[in-house]
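Novice: Take a look at the following structure, please.
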Amino acid sequence: RKARTELRRDKAAMKLQAWFRAAPCRRSFLLMRRAVVVVQTIARGALARMELKRLRVEAKQVGNLQSKLQELQARVQVLEGELAEERAAHEALKASASSRGSEAAVAAAAAAAEPFREQISQLEVNLTSTTAELQAANERAEGLQTQLVALQAQAAAATASTQVANDAVPAATPTGEDAD
């Protein structure tokens with residue numbers, strides 16, 4: 001019995017000694033782990049803020065492209081209106097010349113219509129180039145919109161990751177078992 005009691009006492013003494021030796025190491029480990037998590041959180045937050053700033057700049061660009069798109073659409077409408085007016089004037093000249101019936105009147109009407117033809121062809125060229133610009137601006141706006149949505153999702157994920165990291169960090173205060 002005496003040996004058993006002595007053995008139990010020795011084991012208890014070793015456990016106490018081990019606990020007292022490990023307490024400062026554990027405290028140091030917990031403080032270091034908290035510091036690492038804080039540094040990671042700060043870095044992730046800085047990256048998320050930079051990403052958000054970049055997203056805002058791209059959103060402004062999308063807004064500028066949309067306003068340019070609206071301007072181009074208005075320009076297309078104006079050019080289409082001018083083209084319709086020129087065609088109507090040309091048709092009126094043709095009709096008036098054919099109603100007169102004389103070759104001289106037809107020749108004069110054809111000569112008078114020549115500048116209109118040039119204007120019509122120039123308006124058609126302008127309309128074609130403006131339509132191409134409009135289509136390119138639409139495609140660019142759609143691409144930027146897609147990128148914006150993807151980057152917003154990434155920023156939200158980074159923010160959520162930062163929040164999870166902040167919530168997972170234990171307090172670095174000693175608990176009852178770490179206290180000396």
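A short reminder: the numbers here are calculations on the coordinates, not readings from a lab. All values reported here derive from a predicted model rather than from experimental measurement. In this analysis, Cβ positions are derived from the backbone assuming ideal geometry, glycine residues included, and neighbour counts consider all displayed protein chains.
Novice: Using 7 Å Cα-to-Cβ label points, what is the residue 160/residue 40 separation (nm, one decimal)?
Specialist: Between residue 160 and residue 40, the label points sit 1.8 nm apart.
Novice: Continuing with the same structure: Would you calculate the separation in nanometres between label points at residue 122 and residue 51, each defined as 7 Å from the Cα along the Cα-to-beta-carbon direction?
Specialist: Simple spin-label model gives 5.3 nm for this pair.
Novice: A further question on this structure: Work out the FRET efficiency for residue 149 and residue 129 from their Cβ-Cβ distance, taking R0 = 35 Å, and round it to the nearest 0.05. Each step should come with its number before you reach the end.
Specialist: On the way: r = 31 Å, r/R0 = 0.88.
Step by step, r from the Cβ atoms, then E = 0.70.
Novice: Apply 1/(1 + (r/R0)^6) to the Cβ-Cβ distance of residue 67 and residue 23, taking R0 = 41 Å, and write down the FRET efficiency to the nearest 0.05. Before the final figure, lay out the partial values.
Specialist: Numbers: r = 66 Å, r/R0 = 1.61.
After rounding, the FRET efficiency stands at 0.05.
Novice: Kindly give the semi-axes, whole Å and largest first, of the ellipsoid equivalent to segment 1-95, taking each as the square root of 5 times a Cα gyration tensor eigenvalue. Can you show the working numbers first?
Specialist: On the way: eigenvalues 1580, 34, 3 Å².
The equivalent ellipsoid of segment 1-95 has semi-axes of 89, 13, 4 Å.
Novice: Roughly how tilted is helix 103-168, in degrees to the nearest 10 and between 0 and 90, from the longest Cα axis of the chain?
Specialist: On a 0 to 90 degree scale, this one is about 10.
Novice: Sticking with this one: Treating the angle as unsigned and between 0 and 90°, give the value, to the nearest 10°, between the Cα long axis of helix 2-100 and the longest Cα principal axis of the chain.
Specialist: With both axes taken from Cα atoms, the answer is about 0 degrees.
Novice: Based on DSSP H runs of at least 4 residues, each adding -39500 (n - 2.57), what is the mean residue ellipticity at 222 nm of the chain after dividing by all its residues, to the nearest 500 deg cm²/dmol?
Specialist: Numbers: 2 runs with 165 residues, N = 180.
Counting only the DSSP helices, I get -35000 deg cm²/dmol.
Novice: Moving on. What full-extension length gain, to one decimal in nm, is calculated for residue 110 and residue 32 as 0.36 nm per residue of separation minus the Cα-Cα distance? Let's see the in-between values first.
Specialist: Numbers: separation 78, 0.36 × 78 = 28.08 nm, distance 9.20 nm.
Full extension of this stretch gives 18.9 nm more.
Novice: So, with +1 on the Cβ of K and R and -1 on the Cβ of D and E, and no other charges, what is the size of the charge dipole of the chain about its Cα centre, to the nearest 20 debye?
Specialist: Numbers: 25 positive and 21 negative charges, 620 e Å.
Roughly 2980 debye for the chain.
Novice: Still on this model: log10 I(q)/I(0), Debye, Cα-only the chain, no solvent, q = 0.10, 0.12, 0.17 Å⁻¹?
Specialist: Values returned for q = 0.10, 0.12, 0.17 Å⁻¹ are -0.74, -0.84, -1.07.
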